[in-house]
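The values are calculated or read from the model by the stated rules, or taken from the named source; none is laboratory data. These numbers come from a predicted model, not from an experiment. No Cβ is skipped: glycine too gets one built from the backbone with ideal geometry, and neighbour counts run over all protein chains shown.
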Amino acid sequence: MEINKYTKRIRVAAKKEKADLVIQNAKIVNVFTGEIMEGDIAIADDSIAGVGAYEGKNTIDAAGKYIVPGLVDGHVHIESSMLTPQEFAKVLLLHGVTTVITDPHEIANVAGANGIQYMLDKSEGLPLDIRIMLPSCVPAVPFDNNGATLHADDLAPFFTHDRVLGLAEVMDFPSVYQTNPNMMAKLLLTRQNQALMDGHAAGIDREKLNVYTAAGIRNDHEATTAQEAKDRLDLGFYLMIREGTVAKDLKALLPVVTEKNSRRCLFVTDDKLIDDLVEEGSVDHCIRLAVSQGLDPITAIQMATINTAECFKQEDIGAVSPGYKANFLLVDDLEQFSINKVFKDGKCIVEDGVLKEEHFIQHAYLDEQLPEINAEELLLEQLTMPLSTDYCHIIGIIPNSIVTNHLKENVTIKSGEFVPSIEKDQLKLVVVERHHKTGNIGKAIVKGFGLKKGAIATTISHDSHNIVAVGTNDEDILAAITNLKEMKGGIAVIADGKPIASIPLPIAGLISDQSYQTLYNQTKLLNQEVKQLGGNHSFNPFLTLSFLSLTVIPTLKLTDEGLFHFDSFSYIRVEV
């Protein structure tokens, strides 16, 4: 901090100098005590200098509204919104989020260190604090065919950046368990830099959680049951309660939160699409949902502010208190959490639902350092799926979950090949390698999409981001994949061989080069048009499809190499 700003803040606190801005007549949510205070808030430059009775060069009458600290999302992948950092910032600020802890894992899996640098560069100078945890597993597991590999030496230079906080979700548990040298090098590098480490303990039992805590990992966002949540709290983890577009865990985990342990719990979104961000919000939605389930509003606010700040050792955010950044919200009531104004660094950036875009630096969206789609040309006959028996392993969709079921069912075979069945809801799932022209094509059977015709495909395919497609016939699957390549990445919906809706994602095949309003409209149209294919409308088919390649999540997944079984952590044949 500059000495002049530091001195000024102390002088304002001591009432030797007028504050730049004073907020009067507010009911202040004290996240330290859980109480409501009254008093003026004195702001000097970008920080809070005092709470009490103050004079200011400018004043704002809060008119009895509640003042709440700026919200903090503790774990999010910006790329999953399909927005650039600056467009993402606009949406989140409208929902009262002033800080995010992000993991640029998705773009790093496509572009490596250049992807991390892209996110750092494009988030510089924005009125949303974007603090970064470095991707720990690129690729997610050693056998994934993604766009890049990051070793400890590749990550080391980033630790000197003032917005890098540590190592993001360590999802390759077997490498930690087996003390793999490459993984140990990353963990030791992080500890040497006195930085933080995020967990990713999907499907890990209580005893094996000790491996993560012994390694120095102190948080996890993969609990999906109350017992898993309690196990994490018992062993000293911060419990991240996730509520995103696919993974909706809040209602299942909330009963574990008590008066005694709530300060070790926080909200995260992880992966949330643009339409849900615009319509529901971010962690502000978590607050409203938790309160509707019976949680005390102030406890919910603590879980979206100070708890997250403390989890990540960020001492300048998360509270309305002297010495903290002047990031706060004016809300009409705590139950509905209707946001009236948003202040960031002491400036009103949202008023009555309107964003003041003059506070934004305009970054160029596209970057020549990022790779384009590099997949082999695909022929129709390459999509055929020969089977030796009609009794097969099938990926079973669980609505609104990234976990899948392992099913075994009889399927339809004609001329020795699998044929999708609309009646049985058994569709063909295909993953095409798109980074190095290997020609790899993985094929499997999936149940739960409920499509009656056509195909959908996307270049968003966690975490290696190859092309993934599902469809009722090979012709439409091929047309969808071809459409993606023509767009240089994105999402495609095909019916009767023709495109009916699409979203181009030319930035690494993950991110749009359009404004958030344009992308939101494109997404709404896509969701509307995909209904022509029939299907299960109780979950988002595109985000669900994008997680069907994520091998570090139970139970069956598909990569460009074939069908993967999480429990044995190995590839298996489609036939039983």
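In segment 223-250, which residue that is small (Gly, Ala, Ser) and not in a helix (DSSP H, G or I) is modelled with the lowest pLDDT?
Per the stated criteria, the residue is ALA247.
Condition first: in a helix (DSSP H, G or I) and among the hydroxyl-bearing types (Ser, Thr, Tyr). Can you find one or more residues in segment 498-510 that meet it?
No, segment 498-510 has no match at all.
In segment 12-39, what count of residues is obtained for those that are more than 30 Å from CYS265 (Cβ to Cβ), of a type outside the set (Asp, Glu) and in contact (Cβ under 8 Å) with a residue 12 or more places away in the chain?
9
A quick yes/no check of all residues on (1) of a type in the set (Asp, Glu); (2) surrounded by 20 or more Cβ atoms within 10 Å (Cβ to Cβ); (3) under 14 Å from ILE48 (Cβ atoms):
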{"residue": "HIS285", "(1), (2), (3)": "no, yes, no"}
{"residue": "ARG288", "(1), (2), (3)": "no, no, no"}
{"residue": "VAL291", "(1), (2), (3)": "no, no, no"}
{"residue": "ALA304", "(1), (2), (3)": "no, yes, no"}
{"residue": "THR308", "(1), (2), (3)": "no, yes, no"}
{"residue": "ALA319", "(1), (2), (3)": "no, yes, yes"}
{"residue": "PRO322", "(1), (2), (3)": "no, no, yes"}
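Would segment 474-485 turn up any residue that is touching a Ser or Thr at 6+ places or on another chain (Cβ under 8 Å), surrounded by 23 or more Cβ atoms within 10 Å (Cβ to Cβ) and at pLDDT 95 or above?
yes
Being surrounded by 14 or more Cβ atoms within 10 Å (Cβ to Cβ), among the hydroxyl-bearing types (Ser, Thr, Tyr), farther than 19 Å from GLY281 by Cα and not assigned by TED's automatic domain parsing to the domain that holds GLU79, is that true of even one residue in segment 324-340?
Checked against the condition, which is being surrounded by 14 or more Cβ atoms within 10 Å (Cβ to Cβ), among the hydroxyl-bearing types (Ser, Thr, Tyr), farther than 19 Å from GLY281 by Cα and not assigned by TED's automatic domain parsing to the domain that holds GLU79, segment 324-340 yields no hits at all.
Inspect all residues belonging to segment 488-495 and state whether any of them is assigned by TED's automatic domain parsing to the domain that holds CYS392, among the basic types (Lys, Arg), out of contact with any strand residue (DSSP E or B) (no Cβ under 8 Å at 6 or more places or on another chain) and surrounded by fewer than 22 Cβ atoms within 10 Å (Cβ to Cβ).
Within segment 488-495, none of the residues are assigned by TED's automatic domain parsing to the domain that holds CYS392, among the basic types (Lys, Arg), out of contact with any strand residue (DSSP E or B) (no Cβ under 8 Å at 6 or more places or on another chain) and surrounded by fewer than 22 Cβ atoms within 10 Å (Cβ to Cβ).
Considering only segment 397-433, state which residues are polar (S, T, N, Q), more than 27 Å from LYS248 (Cβ to Cβ) and part of a strand (DSSP E or B).
ASN410, SER421
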